[in-house]
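Take a look at the structure set out below.
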Amino acid sequence: MRPRRRPSQPPSDTAPTEAIPPEVVEEEYVPPRRPPLPRLWPWLLALLLLVIGGLVAWFLLSRDNDHKRTTTPVVASTVAVPRVIGLQEATAVQRLAKKDLVPKPVFRASNFAPGMVFGQTPAEGSKVARRSAVTLFVSSGRPNVAVPNVTGLRTAAAVARLRAAGLKSTIVKTPSTQRAGTVHRQQPPAGARVSKGQTVTLTVSSGKTKLTVPDVVGRPQPNAEAAVLGAGLVPMTAQVDSTQPAGIVVSESPPAGTKVAKGAKVRLNISRGPPPTSPPVPTNPPPGKRVKVPNAVGEDQTAAQKRLQRNGLKSSVSYVASSKPAGTVVSEQPRAGTTVKRGSRVALKISNGPNPKPLKPVPDVTGQDQATATTTLRQAGFVVVTIDEPTNDQTQNGIVVDEQPTPGSRIPQGSQVTIYVGVFG
């Protein structure tokens, strides 16, 4: 505290007296008043709310960032594609999922077991971004295909047709009456359902193995049969009337010295003894006699062929596409009314019908006996009609001397084949 001075006295007219020291009066110290304190709690509350709001915003933002990190692929992060070839589809999918990759299965037919992975893209070890797609080629098993019909085709054509169907082939050559290089049997058969890539066995003709028919005319039946068998041929016997003693071979067909395929049949006509009366000798038609071609168009095939035969003519049959009923004559050449030599052939065009069946080759049965020829043709899938053909040659009695359509012709399965069987007497 500072001393406070009294105020100075004004000067007086009197002479100064003894100097009086100034009186020091002490003032009472009064401390200064503090300014009133401001109200702080509203500000503190606002600050607290601001802090809480900041914490909430930070939490929400950090949570969103975490969510984005789990759903958005990081381009820079890569993984190596694992090998899944050879695994089952389910196992392969799990292995890719563990590597954060997306499997894309594609099913294809193959020789692998169904459900097995036989290919992948990208390849094993490739570096790709996470969540990248990996294509899996999964086997759906071997596809089934129908075996095409190749019988009757040449070897090269048969192999090409099987290859086009996705099948393999193996060739087995055997002697046959068919032309060399022609497929005459296949296994599995046509129409069978097999796995793609399976092998079809083709039995191909190596041609006829030529053997010589032995001369057995005049021999007893047992000796003749033994000689034919020893030559690699099959004897077929028939009893005929003859002036020769009973049991003697009076004729053979094919004749002795003929070259035939191995296993071919040789007909032996065995005498049953002299007939009670001699058979009448047939009268040959006058040489050079001319006849008119009858009208056979619209007739059934059998009726037309018999009519031609009655008029001293022969027939030549071929099948053609037509809307007419199957087996109907649709045309003839020469035309009806034309005058031709007796014994001439008239070409008959026979309708296949509106829904013809697959084509098959006609077996060669000329020279066979009627029963054997009929069996052969029926086993080949054809209808057999027999017409008797008068002959002066005793060796042709009961033998097929003509066949229509001609052997080797390809006609619809189930069509008619007419055989002309020699009738002696």
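Can you compute the modelled spin-label distance between Arg290 and Ala109, with each label point 7 Å from Cα toward Cβ, in nm?
Calculated label separation equals 6.5 nm.
Taking 0.36 nm per residue of sequence separation and subtracting the Cα-Cα distance, how much length would be gained by fully extending the chain between Ala165 and Ser195, in nm to one decimal?
Values: separation 30, 0.36 × 30 = 10.80 nm, distance 1.07 nm.
Gain on extension, Ala165 to Ser195, equals 9.7 nm.
On full extension of the chain, what length is gained from Leu49 through Ala246, given 0.36 nm per residue of separation minus the C-alpha to C-alpha distance?
Numbers: separation 197, 0.36 × 197 = 70.92 nm, distance 13.96 nm.
57.0 nm is the gain from fully extending Leu49 to Ala246.
In whole Hz and in residue order, list the ³J(HN,Hα) couplings for region 56-62 that follow from phi through the Karplus curve 6.51 cos²θ - 1.76 cosθ + 1.60, θ = phi - 60°; x for Gly and Pro.
4, 4, 4, 5, 5, 5, 5
Taking the dipole about the Cα centre of region 353-425, with the C-beta of Lys and Arg at +1 and of Asp and Glu at -1, give me whichever of Thr376, Pro361, Thr395 is farthest to the positive side.
Of the candidates, Pro361 comes out farthest on the positive side.
Taking every Cα atom in region 321-363, find the radius of gyration and the maximum pairwise distance Dmax, and write them in Å.
13.4, 37
Would you please put 304-312, 119-127 in order of how densely packed they are, using the mean number of other Cβ atoms within 10 angstrom per residue and starting with the highest? It would help to have the intermediate numbers written out before the result.
Numbers: 304-312: 17.9, 119-127: 13.4.
Those peptides, ordered most packed to least, come out 304-312, 119-127.
Which of the lysines could be linked to Lys265 by a straight reach, that is with a Cα gap under 21 Å, when you skip same-chain ones fewer than 8 residues away?
Lys208, Lys210
Got a sec? Charge dipole of region 158-232, +1 on Cβ for Lys and Arg, -1 for Asp and Glu; which of Gly191, Val228, Ala165 is way out at the positive end?
Sorting the options by dipole projection puts first Ala165.
Return the distance in nm (one decimal) between the two label points of a simple spin-label model at Phe118 and Leu359, each offset 7 Å from Cα along Cα→Cβ.
Modelled inter-label distance: 3.7 nm.
So what is the accessible area of region 345-425 per residue, in Å², with the probe set to 1.4 Å? Display every interim value, and only then the final one.
Numbers: 3480 Å² over 81 residues.
Heavy-atom accessible area per residue stands at 43 Å².
The values are calculated or read from the model by the stated rules, or taken from the named source; none is laboratory data. What you are looking at is a predicted structure, and each value in this text was computed from that prediction instead of being measured. When we count neighbours, we look across all protein chains shown, and the Cβ atoms used for this are built from the backbone with ideal geometry, even at glycine. Just so you know, the surface numbers come from the protein's heavy atoms only, side chains and all, with ligands and any DNA or RNA stripped out. Shrake-Rupley method; radii C 1.70, N 1.55, O 1.52, S 1.80 Å.
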